[in-house]
Every structure is written in C-alpha cells, then in structure tokens.
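Reviewing the structure listed below.
The values are calculated or read from the model by the stated rules, or taken from the named source; none is laboratory data. All of these numbers come straight from a predicted model, not from anything done at the bench. Note: ideal-geometry Cβ built from the backbone for every residue, glycine included; neighbour counts use all protein chains shown.
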Ligand SMILES: Nc1ncnc2c1ncn2[C@@H]1O[C@H](COP(=O)(O)OP(=O)(O)O)[C@@H](O)[C@H]1O
Ligand SMILES: [Mg+2]
C-alpha cells in the first residue's frame with residue numbers, strides 16, 4: 001500500500017498550548033482517512049500543517065512525496081483543502097470564483113474553464129454559474145468550496161468538517177461526493193467530530209485529541225469493544241426458555257432480551273449463529289429476522305477519547 | 001479527459017488574475033466606488049469653481065495685499081492674475097490628497113474585505129508566493145488610484161486652460177508640477193496602498209483603518225501649505241528631496257507589509 005501522507009512526531013504549539021502533540025500518521029493512497037476528535041482537539045491545526053499553511057514547531061511530514069518545509073509550493077499544488085468556512089468571493093459569480101482559483105493553481109486558461117465547468121456540473125450548480133455567490137444557500141456555498149478544493153485534481157483532499165451546518169440534503173450530496181472521490185482513487189483526509197459520518201465514509205479512523213489515541217477501521221473497533229452482536233427477532237415474542245437455550249450455546253458470551261428480540265454477543269458469530277438458529281428452531285421458536293447489530297460507535301468513541309480528560 | 005497538472009502560476013498570470021478579481025470586486029462595491037470618486041470630484045469641482053470665480057470677480061485691494069504677504073512668489077503680478085495663479089496652485093496641492101486618500105481606501109477594503117469573508121485561507125492554500133500575492137494586491141489598488149488622480153488632473157488642466165488667466169495656466173502647466181504629478185503621484189499612491197495593507201493586518205474596522213491612515217495625510221498637506229505660503233518652494237532640490245524620501249518610505253513600508261504578509265502570520269496572528 002502506498003503512503004501519501006506520513007507524519008513523524010508532528011507538533012504545533014501556540015504559546016503554552018500544544019495543539020498537535022507529536023503525531024505519527026500514515027495515510028494510504030486511495031483511502032478515506034477519518035480524523036475524528038472533539039472541538040478544540042487540533043484537527044484544523046493539523047490540516048493547516050499538512051497543507052503547508054503553517055509551520056510545525058517540531059517534527060516533520062511528507063505529503064504526496066514532498067517534504068514539508070522544503071517543497072511547500074509543490075505540496076500546495078498536490079493537495080486540496082476544504083477550509084472550515086467556505087470563504088468565497090461572494091460578490092463574484094460561481095464561475096469567476098472557480099476560474100480564479102484554477103488560475104492560481106497554475107492551470108492554463110482552457111483547462112481552467114474546462115475544470116470549472118466539470119465541477120459546477122458535478123455539484124449541480126451549472127445553471128447558476130453566472131449568479132453572485134452571495135445569493136447561494138449555505139449548502140450551495142459548501143458545494144462551491146468543495147469544487148474549489150478539487151478543481152486542480154489534487155492527490156489528497158483535506159476536508160475540514162465538510163457537512164457541519166448543512167441541511168440533510170446538502171450533507172448527503174457532500175457524502176456522495178466523498179464516496180465518488182474514493183471511487184476515483186483519490187485520497188481523502190476527513191476531519192470530523194461526527195462519528196456517524198466517520199463510520200459511514202471512512203476506511204480507517206484516527207481518534208484524535210492533540211495526540212492520536214488510536215487508529216483502526218470501524219468494524220475492528222466494534223469487534224474489539226463489543227464482540228459481534230446478533231439480533232434475533234422471534235414471533236410473537238421470545239419466551240424465557242428461548243433465552244436460556246441461547247445462553248447455553250457454545251461461543252455465546254452474553255445474551256439478553258430487548259424489545260421482542262434476543263440480542264446475542266458471541267466471540268465468533270460466523271460459527272455460533274447457525275448453531276443459535278438451529279437451537280431456537282429445534283426448541284419450537286419461530287424466527288422472523290436475524291440481523292447483525294452494530295454497536296453504536298459513539299460508545300467506542302467515548303471510551304477512547306474521554307479518559308484522557 | 002485532459003491532463004490537469006497543478007503548479008505555481010507564472011507571476012504575470014497571478015498578478016493579472018488578482019487585479020481583475022479585485023477590480024471586479026471593487027466595482028461591485030458601491031460604497032467603495034463612492035468613496036473612491038468623491039474626493040477627486042469634490043476637489044475638481046471646487047478647484048474649477050474657485051478659478052472661475054476668481055476670473056469673474058476681481059479681488060478687493062485688501063485681499064490682494066493679504067495674498068502678497070502670504071505668498072511672496074506672486075507679489076508684483078497683476079492682482080487678478082495673482083489670485084488666479086495662487087488658487088490654481090493651491091488646488092494642485094489639494095490634488096495630492098487624491099493619491100493618499102483614494103488608494104488608502106481601496107487597499108483597506110481589499111485586505112479587510114478578505115479578512116471578513118474568510119477568503120485568505122483558501123487563497124494561501126494555493127501554490128502562489130505570498131510576496132507575489134502582496135505585490136499583485138498592491139498593484140490592484142495602485143493602478144486605479146493613479147488613473148483616477150491623473151484623470152482628475154487632466155480635467156483640471158483642460159478646464160484651467162479653457163477659462164483661466166495666463167498666470168493660472170502657467171501655474172498648472174509648470175514643468176515641475178507636471179513632473180510632480182507624473183512622478184510623485186505613483187510614489188505617494190504606492191505608499192498609501194502599502195500603508196493601508198499594513199494597517200489592515202491589525203485592524204478589522206474599515207473606518208478605524210481609514211482614520212489611522214489619515215494621519216499620513218496631515219504631514220503631506222502641511223508640506224503643501226508651507227510651499228504655497230512661500231516657506232518651502234518646490235524647486236528642483238525640494239522636488240528631488242521629496243522624490244527620494246518617498247522612494248525610501250515606499251521601500252520601507254512595502255518591506256514592513258511583506259513582513260506582516262506571511263502565510264502563518266496571516267492565519268495565526270491576524271485578528
Ligand atoms: N492561532 C491560534 N492561536 C492560539 N491558539 C490556537 C490558534 N489556533 C488554534 N488554537 C488552539 O489550538 C487548539 C486546537 O484548535 P483547532 O485546531 O482549531 O481544533 P479543532 O479544529 O479540532 O476544533 C484549540 O485549543 C485552539 O484554541
Ligand atoms: Mg476545526
């Protein structure tokens with residue numbers, strides 16, 4: 001697997017405050033890497049460091065093959081950033097905003113225009129290209145900012161809380177866009193404090209609060225913290241003896257009743273579940289549904305991030 | 001699909017793109033356009049009116065005596081000529097206010113506007129040199145200000161030639177004054193622009209920034225008035241001196257602005 005972002009003991013202090021404290025990261029080409037942490041964790045600061053906008057206090061990083069502090073202009077050309085706020089020239093048209101940025105990324109005039117068109121169409125803003133951005137909704141402005149970040153086809157896209165403050169519809173478009181980027185093999189570094197979003201979009205998640213507390217993929221985390229859980233819905237509803245039978249099945253760590261279902265945690269569900277179903281059916285129970293239950297990542301998050309407070 | 005390869009843009013391309021964007025932005029801001037055009041229009045209209053009035057109403061004896069006392073340079077001339085020459089010159093000095101006030105306002109709007117709309121971070125994320133960016137921004141405010149000043153001067157000149165007395169025409173077409181307009185106006189403009197940029201890095205209120213910048217205007221006006229009353233004459237020596245002082249100030253203020261204009265500074269310390 002190719003690494004596109006690598007940091008070594010990357011640190012940023014503001015006076016006495018250490019916003020980013022010696023982080024070591026390896027982000028792989030083509031993955032959506034979640035950078036998950038509460039407000040004030042230092043996510044934006046990390047992004048600014050990796051986009052060569054501010055200099056580290058100590059430590060170093062390599063982004064898209066370029067050394068931070070040595071090839072900063074090349075880093076800036078190779079990455080795209082969606083900043084916390086859209087920061088558009090609101091008096092100017094959508095078209096003028098994008099062409100201006102394409103020019104600043106060194107694209108030739110014809111390429112600039114082609115890219116502006118491509119992204120305006122992709123974001124569903126082509127019909128409104130000549131209108132000043134000030135007339136756009138919050139969601140449309142965010143789409144503009146994403147278009148601006150992706151316009152020069154960067155290898156790595158850094159997104160700072162891309163769906164914060166958006167209505168569900170706009171948030172959905174943004175998430176679909178992230179999925180599409182991954183489909184193109186683009187690397188996405190996604191800062192968020194939204195667990196649900198990280199869960200849905202990310203291949204791996206770094207839990208972060210000034211330091212990287214943990215890196216894992218969402219399924220690993222669930223498995224580790226809870227074991228795989230299975231929910232079995234019976235009709236009309238489970239009897240006490242069903243639960244007793246389930247608890248006796250080998251490999252079952254824990255089972256309990258919950259809203260007309262039996263919830264079972266087992267160490268190896270692939271082997272245990274067929275046995276469970278057989279046991280219940282043999283015992284005379286009628287099974288309506290067997291579903292995999294994902295424990296809520298919220299709890300995982302709290303367990304990892306909270307203890308350091 | 002076309003190959004899209006991002007890189008640092010060529011400097012002329014960057015400068016052109018920034019200037020065009022700033023001018024579009026400025027033209028869309030009616031308040032800014034008003035504040036840019038008001039000083040030249042006021043000075044132009046009052047200057048022309050004063051010269052015209054002097055041409056129509058001959059001055060009283062007392063006025064003439066007071067004038068001779070105040071401006072020895074015109075002593076001995078025909079009274080009406082003297083008054084017109086005096087007024088024409090006096091307004092030429094007021095013209096020097098245009099390249100201080102107008103570019104200051106434009107530069108302040110340019111920087112404070114970007115701070116307020118949070119456009120600096122995405123701008124700085126592009127592979128452009130900040131020195132080039134500062135230069136482009138300076139130029140974007142300097143060029144229109146110089147054009148406005150020169151246009152106002154040209155209109156004034158044409159009007160005085162059409163309606164003024166011999167002395168008035170001589171005063172406004174004196175080679176040293178023309179040289180001053182050609183050379184000193186751009187220098188003065190550049191100074192105000194970079195001063196405006198520098199102030200705007202620390203201040204978030206357009207009016208406060210304008211007031212601070214206005215402090216620069218005072219010594220310039222003072223110098224101008226001193227010159228009319230005959231204490232400092234704009235001879236070759238004084239002209240050369242002013243040119244050199246302005247160039248030094250321009251370099252110093254651009255250097256200070258360049259120091260403040262660093263990516264990290266802008267993002268972390270500008271408030
Ligand atoms: N320019 C700055 N000067 C001083 N402290 C700062 C500055 N920027 C950020 N910080 C501090 O660094 C910490 C991390 O901030 P930030 O990176 O914005 O966090 P996040 O994006 O995760 O919410 C916060 O405590 C914040 O107050
Ligand atoms: Mg943040």
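Listed here are the helices (runs of 4 or more DSSP H) enclosed by the stretch B:108-204 that have at least 3 residues being more than 14 Å from chain A (Cβ to nearest Cβ): B:130-163, B:166-173, B:175-179, B:185-202. Among the residues of the stretch B:7-33, those identified as at the interface with another protein chain (Cβ under 7 Å from one of its Cβ atoms) and in a helix (DSSP H, G or I) are B:13, B:14, B:17, B:21, B:24, B:25.
Can you confirm whether the stretch A:89-96 contains a residue that is touching a strand residue (DSSP E or B) at 6+ places or on another chain (Cβ under 9 Å) and more than 8 Å from chain B (Cβ to nearest Cβ)? Yes, because at least one residue in the stretch A:89-96 is touching a strand residue (DSSP E or B) at 6+ places or on another chain (Cβ under 9 Å) and more than 8 Å from chain B (Cβ to nearest Cβ). Within the stretch A:97-118, the set of residues being at the interface with another protein chain (Cβ under 7 Å from one of its Cβ atoms), more than 27 Å from the chain's Cα centre (by Cα) and assigned to a helix (DSSP H, G or I) comprises A:100, A:103, A:104, A:111, A:114. Scanning the stretch A:1-31 for residues that are touching a helix residue (DSSP H, G or I) at 6+ places or on another chain (Cβ under 8 Å) and within 15 Å of ligand 2 (Cβ to nearest atom), we see that the one that is farthest from residue A:181 (Cα to Cα) is A:14.
When the stretch B:77-104 is filtered for residues that are in a loop (DSSP other than H, G, I, E, B) and under 15 Å from residue B:156 (Cβ atoms), the ones remaining, listed by number, are B:96, B:97.
Considering only the stretch A:69-76, I want to know if a residue exists there that is within 16 Å of ligand 1 (Cβ to nearest atom) and either in contact with a strand residue (DSSP E or B) (Cβ under 9 Å, 6 or more places away or on another chain) or not assigned by TED's automatic domain parsing to the domain that holds residue A:187 (or both). There is no residue in the stretch A:69-76 that is within 16 Å of ligand 1 (Cβ to nearest atom) and either in contact with a strand residue (DSSP E or B) (Cβ under 9 Å, 6 or more places away or on another chain) or not assigned by TED's automatic domain parsing to the domain that holds residue A:187 (or both).
No other residue among A:46, A:60 is assigned to a strand (DSSP E or B) and closer than 15 Å to residue A:6 by Cα apart from A:60. Assessment of the stretch A:181-190 against the conditions (in contact with a helix residue (DSSP H, G or I) (Cβ under 9 Å, 6 or more places away or on another chain) and within 16 Å of ligand 2 (Cβ to nearest atom)) yields at least one matching residue. Before we move on, is residue A:158 touching a residue at least 24 places away in the same chain (Cβ under 8 Å) and within 25 Å of the chain's Cα centre (by Cα)? So residue A:158 passes the test.
Annotation for the stretch A:263-284: at least one member residue is modelled with pLDDT of 85 or more and assigned to a loop (DSSP other than H, G, I, E, B).
Residue-wise test of (1) within 26 Å of residue B:119 (Cα to Cα); (2) buried (at least 20 other Cβ atoms within 10 Å of the Cβ).
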site: A:2; (1), (2): no, no
site: A:18; (1), (2): no, no
site: A:25; (1), (2): no, yes
site: A:48; (1), (2): yes, yes
site: A:53; (1), (2): yes, yes
site: A:63; (1), (2): yes, yes
site: A:76; (1), (2): yes, yes
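Just checking, which of A:44, A:83 is within 16 Å of ligand 1 (Cβ to nearest atom), farther than 17 Å from residue A:147 by Cβ and surrounded by 15 or more Cβ atoms within 10 Å (Cβ to Cβ)? Criteria check complete, one pass: A:44.
The residue that is modelled with the highest pLDDT, among those in the stretch A:227-244 that are assigned to a loop (DSSP other than H, G, I, E, B) and either touching a strand residue (DSSP E or B) at 6+ places or on another chain (Cβ under 6 Å) or buried (at least 16 other Cβ atoms within 10 Å of the Cβ) (or both), is A:238.
Listed here are the residues, each with its yes/no results for (1) over 18 Å from residue B:264 (Cβ atoms); (2) at pLDDT below 95.
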{"site": "A:13", "(1), (2)": "no, no"}
{"site": "A:20", "(1), (2)": "no, no"}
{"site": "A:27", "(1), (2)": "yes, no"}
{"site": "A:41", "(1), (2)": "yes, yes"}
{"site": "A:47", "(1), (2)": "no, no"}
{"site": "A:52", "(1), (2)": "no, no"}
{"site": "A:57", "(1), (2)": "no, no"}
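Scan the stretch A:1-31 for residues that are within 16 Å of ligand 1 (Cβ to nearest atom) and more than 14 Å from chain B (Cβ to nearest Cβ) and the total you get is 9.
Highlighted here would be strands (runs of 3 or more DSSP E) found entirely within the stretch A:133-211 that include at least 2 residues which are under 30 Å from residue B:25 (Cα atoms), more than 16 Å from ligand 1 (Cβ to nearest atom) and in the same structural domain as residue A:86 (by TED's automatic domain parsing), but there are none. Under the condition of being within 12 Å of chain B (Cβ to nearest Cβ) and within 12 Å of ligand 2 (Cβ to nearest atom), the residues counted in the stretch A:32-80 number 4.
Taking the numbered list (1) surrounded by fewer than 18 Cβ atoms within 10 Å (Cβ to Cβ); (2) more than 9 Å from chain B (Cβ to nearest Cβ); (3) more than 25 Å from the chain's Cα centre (by Cα) in turn, residue A:121 passes all entries but (3).
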